[in-house]
1. Exactly one condition in (1) under 20 Å from residue 104 (Cβ atoms); (2) without any contact (Cβ under 8 Å) to a residue 40 or more places away in the chain; (3) open to solvent by less than 60 Å² (accessible area, probe 1.4 Å) is false for residue 43; which is it?
2. Within segment 185-241, restricting attention to residues that are free of Cβ contacts under 8 Å to residues at least 24 places away in the same chain and either among the β-branched types (Val, Ile, Thr) or in contact with a Gly (Cβ under 6 Å, 6 or more places away or on another chain) (or both), which residue is surrounded by the fewest Cβ atoms within 10 Å (Cβ to Cβ)?
3. Across segment 110-130, which residue is least open to solvent (accessible area, probe 1.4 Å) among those that are touching an Asp or Glu at 6+ places or on another chain (Cβ under 8 Å) and in a strand (DSSP E or B)?
4. Counting only residues that are of a type in the set (Gly, Ala, Ser), modelled with pLDDT of 95 or more and open to solvent by 20 Å² or more (accessible area, probe 1.4 Å), how many does segment 84-97 have?
5. Where in segment 131-249 are the strands (runs of 3 or more DSSP E), entirely inside, with at least 1 residues that are under 27 Å from residue 55 (Cβ atoms)?
6. Please work out which one of (1) closer than 23 Å to residue 220 by Cα; (2) in contact (Cβ under 8 Å) with a residue 12 or more places away in the chain is the condition residue 164 fails and give its number.
7. Only one of (1) of a type in the set (A, V, I, L, M); (2) in contact with a Lys or Arg (Cβ under 9 Å, 6 or more places away or on another chain); (3) open to solvent by less than 50 Å² (accessible area, probe 1.4 Å) is not met by residue 136, so which one is it?
8. With the requirement that a residue be open to solvent by less than 60 Å² (accessible area, probe 1.4 Å) and either in contact with a Ser or Thr (Cβ under 7 Å, 6 or more places away or on another chain) or acidic (Asp, Glu) (or both), what does segment 169-184 give you?
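The values are calculated or read from the model by the stated rules, or taken from the named source; none is laboratory data. Keep in mind that this is a model prediction, so the values were computed, not measured. Here Cβ is always computed from backbone atoms with ideal geometry, including for glycine, and neighbour counts include all displayed protein chains. Keep in mind that these areas ignore ligands, DNA and RNA; they rest on the heavy atoms of the full protein, side chains included. Shrake-Rupley method; radii C 1.70, N 1.55, O 1.52, S 1.80 Å.
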Amino acid sequence: MAQSGPGTVEIFEDFIGLEDPVALTAVPRALGPFMVVGQGVAEADAGAPGLDSDGLSGVVRLTTTNETEHTTALQTHSAYDVALMGTIVAEARVRFADLDTKEAFMGFTDINIASDVPSLETDLLSAVTATLTPVASDYVGFYLSAELTDDEDWHGVYNGGTTTGVTASGNVDLSDDAVAGEWQVLRIEIDNNGTARWYVDGDLKQTTAGAVSTTVDLKFMIGVEAKSAAIESMDVDYISITANRDWTA
């Protein structure tokens, strides 16, 4: 039953003045409303520093360590239930300095962060040429991987709903390449029946009914992973998340 008070749960983070400097060792760490998590974030060259050059409007650079399958990500707690809180909307403006030897994800998942060291490949989803292999039981969002043949394209991935997660990458290829040095706005909407919609720069790219569970508690996550022994990064200008409040809690 609805109660009086704020009826929505909202996050809007512009990263003006916020950063997670490299060389910190605590895991996880706080950055505004998010936790900084990932395999390797305790290493001296990983974190989410703010940009003083080319960082107008507030930009943080998610930065991995130089080890294969090490990830740096921002994540919430398990705060989102699709059936109780939909329509849930998450949007982020992102940019890559280059598109080599990296993997990235933006969306929702139930990855267990009890160990504080999630990796995209070992905990979320792995990719080889044209095949996607689900690892997490539940996820929905944008995925890019240098391990895929179409290595610069965003893919609309999902798993855990009434519609079986696609393993052929071409079937969820959004036909919208990331371009080195250029910003893109990624937006995902999830209705309370599990239907999800993927938008890139305002254009609807994919709609999938039953893409995600309506009962599993989900976390928002955005992250980048190194696919070789080199430091990788993803710039984040802002993150916006809105959902209806669960008054039954």
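1. Single failed check for residue 43: (3).
2. Per the criteria, the residue is 207.
3. So the residue we want is 127.
4. Of segment 84-97, the ones of a type in the set (Gly, Ala, Ser) are 86, 90, 92, 97.
Subset that is modelled with pLDDT of 95 or more: 90, 92.
After this cut, where a residue has to be open to solvent by 20 Å² or more (accessible area, probe 1.4 Å) as well, the list is none.
Qualifying residue count for the region: 0.
5. Numbers: elements: 131-134, 139-145, 153-159, 173-177, 184-190, 196-200, 203-208, 219-226, 233-244.
Per the criteria, 139-145, 153-159, 173-177, 184-190, 196-200, 203-208, 219-226, 233-244.
6. For residue 164, the failing item is (2).
7. So the condition that residue 136 fails would be (2).
8. The answer is 169, 173, 176.
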